[in-house]
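Engineer: The structure follows.
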Amino acid sequence: MTITIRHLTKSFSADTRVVNDVSFTIQPGEMFFLLGPSGCGKTTVLRMLAGFIDPDGGDILFQEKRMNDVPPQHRNTAMVFQNYAIWPHLTVYENIAYGPRAKKLDDDLIRQRVMKALRIVRMEELAQRKPAHLSGGQQQRVALARALAVEPDLILLDEPLSNLDTRLRIELREELQRIHLETRTTCLYVTHDQEEALSLADRIAVMNQGRIEQIGTPSEIYDHPANEFVARFMGEINVLPSNHSLAQMLNAPAGRKVGFRPQSAQLVSEGVAAVVKRSTYLGSKTELLVETATGEPLKLWINEAITPGQTIHFQVASKNLLLL
Ligand code: ATP
């Protein structure tokens, strides 16, 4: 289903707009991300789509139908939260059956829906367990299955992986990708984790202080950030003021702030000279903190060990210079 929001606004107090003129369209089957720092308003947008909060202004459309005044239970959305929100006294099966039962489907169809959802999240064997006997990752799979079982037009995911440790988070991220490819349910996914967004999203809207800064595919956002906020939020970056002598040495166009990511620097025999101040081995790469002759501190990621005190020379390909 196509989900459109137009010029959405929301304030909780007279002096700040938590959501300020937000517009975007989610295409049918798309995994659309709202990404931004804590407090930027992304959960408020999600809650307005679910119908838990009324917008002050703007429109919410499911296909052509305006949904602003439709109560949450009639929107055919499902939510997956960070804290799972599954019922501890019900088995996995009963948790998943809850939604289809509330829709008063007949018993056969409920069973079919539950078994299908269990199969998709690969939890068939654990159908009769209670949540207390499941790991965090398994509980989140149940929450996901419960959302899928109502066959919603839109799944709203609010930081669904935040409570999991790093290994499980990556594992479940891959699962989410597989499940989304299999079901192609339209999803709005809210997170502050750029890696999650880059790895899972079809498109990302980057939010800051109630506004959308940029909408694009992961590579558009990462490789062609619209401004400095987006560039910095999406990952480590070295930023140089316009017309800085170092920017000129890197052949950057005049009159624009320019940035480059630490991995874009290449060690060469003739290039910008810099003294290594600190060298940190990080397994997959070595992070150098260097200082150029102009006193600029820069972060470079390379694949070799270099001891502090040495002078290196580096260059950045013009395609990797980001104009901000
Ligand atoms: P987080 O990742 O921390 O949840 P967020 O980007 O999802 O952040 P929101 O939860 O949408 O941000 O909150 C945006 C701002 O609105 C915050 O400053 C928050 O304190 C405020 N806010 C949210 N809900 C309410 C409410 N019901 N009443 C008053 N203020 C609220």
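Engineer: Identify, please: which residue in the stretch 62-82 is within 16 Å of the ligand (Cβ to nearest atom) and part of a loop (DSSP other than H, G, I, E, B) and is, among those, modelled with the lowest pLDDT?
Structural biologist: So, considering only residues that are within 16 Å of the ligand (Cβ to nearest atom) and part of a loop (DSSP other than H, G, I, E, B), the one modelled with the lowest pLDDT is 82.
Engineer: Can you pull out every residue in the stretch 174-220 that is small (Gly, Ala, Ser) and touching a residue at least 12 places away in the same chain (Cβ under 8 Å)?
Structural biologist: 197, 199, 201, 205, 210, 216
Engineer: Go through the stretch 98-108 and count every residue that is open to solvent by 60 Å² or more (accessible area, probe 1.4 Å) and not in a helix (DSSP H, G or I). Full working, then the answer.
Structural biologist: Step one: list which residues in the stretch 98-108 are open to solvent by 60 Å² or more (accessible area, probe 1.4 Å), which gives 98, 101-104, 106-108.
Then keep just the ones that are not in a helix (DSSP H, G or I); that gives 103-104, 106.
Summing the residues that are open to solvent by 60 Å² or more (accessible area, probe 1.4 Å) and not in a helix (DSSP H, G or I) in the stretch 98-108 gives 3.
Engineer: Sticking with this structure for a sec: Among the residues that make up the stretch 43-51, is at least one of them surrounded by fewer than 19 Cβ atoms within 10 Å (Cβ to Cβ) and more than 16 Å from the ligand (Cβ to nearest atom)?
Structural biologist: Within the stretch 43-51 (the criterion being surrounded by fewer than 19 Cβ atoms within 10 Å (Cβ to Cβ) and more than 16 Å from the ligand (Cβ to nearest atom)), the answer is no, since none of the residues qualifies.
Engineer: Of the residues 54, 59, only one is open to solvent by 10 Å² or more (accessible area, probe 1.4 Å), within 14 Å of the ligand (Cβ to nearest atom) and either modelled with pLDDT of 95 or more or outside the structural domain of residue 210 (by TED's automatic domain parsing) (or both); which?
Structural biologist: Criteria check complete, one pass: 54.
Engineer: Applying the selection to the stretch 132-149, what residues are open to solvent by less than 10 Å² (accessible area, probe 1.4 Å) and free of Cβ contacts under 8 Å to residues at least 60 places away in the same chain?
Structural biologist: 137, 142, 145, 149 - these are the residues of the stretch 132-149 that are open to solvent by less than 10 Å² (accessible area, probe 1.4 Å) and free of Cβ contacts under 8 Å to residues at least 60 places away in the same chain.
Engineer: Report yes if some residue within the stretch 78-97 is assigned by TED's automatic domain parsing to the domain that holds residue 210, closer than 27 Å to residue 209 by Cβ and crowded, with 19+ Cβ neighbours inside 10 Å; otherwise report no.
Structural biologist: yes
Engineer: While we're here: Being under 23 Å from residue 38 (Cα atoms), at pLDDT 95 or above and away from the ligand (no atom under 16 Å from the Cβ) is the filter here, so list the residues in the stretch 169-198 that pass it.
Structural biologist: Passing the criteria: 187, 198.
Engineer: Here's something else I'd like to know. Considering the stretch 1-42 alone, what residues qualify as being near the ligand (Cβ under 8 Å from one of its atoms) and not in a strand (DSSP E or B)?
Structural biologist: Of everything in the stretch 1-42, those that are near the ligand (Cβ under 8 Å from one of its atoms) and not in a strand (DSSP E or B) turn out to be 36, 37, 38, 39, 40, 41, 42.
Engineer: Is there a residue in the stretch 109-122 that is of a type outside the set (S, T, N, Q), farther than 21 Å from residue 53 by Cα and in a loop (DSSP other than H, G, I, E, B)?
Structural biologist: The answer is yes, given that some residue of the stretch 109-122 is of a type outside the set (S, T, N, Q), farther than 21 Å from residue 53 by Cα and in a loop (DSSP other than H, G, I, E, B).
Engineer: Further, regarding this structure: Name every residue in the stretch 86-97 that is of a type in the set (Val, Ile, Thr) and part of a helix (DSSP H, G or I), in order of residue number.
Structural biologist: 92, 96 - these are the residues of the stretch 86-97 that are of a type in the set (Val, Ile, Thr) and part of a helix (DSSP H, G or I).
Engineer: Give me the strands (runs of 3 or more DSSP E) completely within the stretch 253-324, filtered to those with at least 3 residues that are under 28 Å from residue 233 (Cβ atoms) and open to solvent by 20 Å² or more (accessible area, probe 1.4 Å), ordered by residue number.
Structural biologist: Filter on the stretch 253-324 gives 265-281, 286-292, 297-302.
The values are calculated or read from the model by the stated rules, or taken from the named source; none is laboratory data. For clarity, every value in this text was computed on a predicted model and none was experimentally measured. When we count neighbours, we look across all protein chains shown, and the Cβ atoms used for this are built from the backbone with ideal geometry, even at glycine. Areas reflect the complete protein model, heavy atoms only, side chains present, ligands, DNA and RNA absent. Shrake-Rupley method; radii C 1.70, N 1.55, O 1.52, S 1.80 Å.
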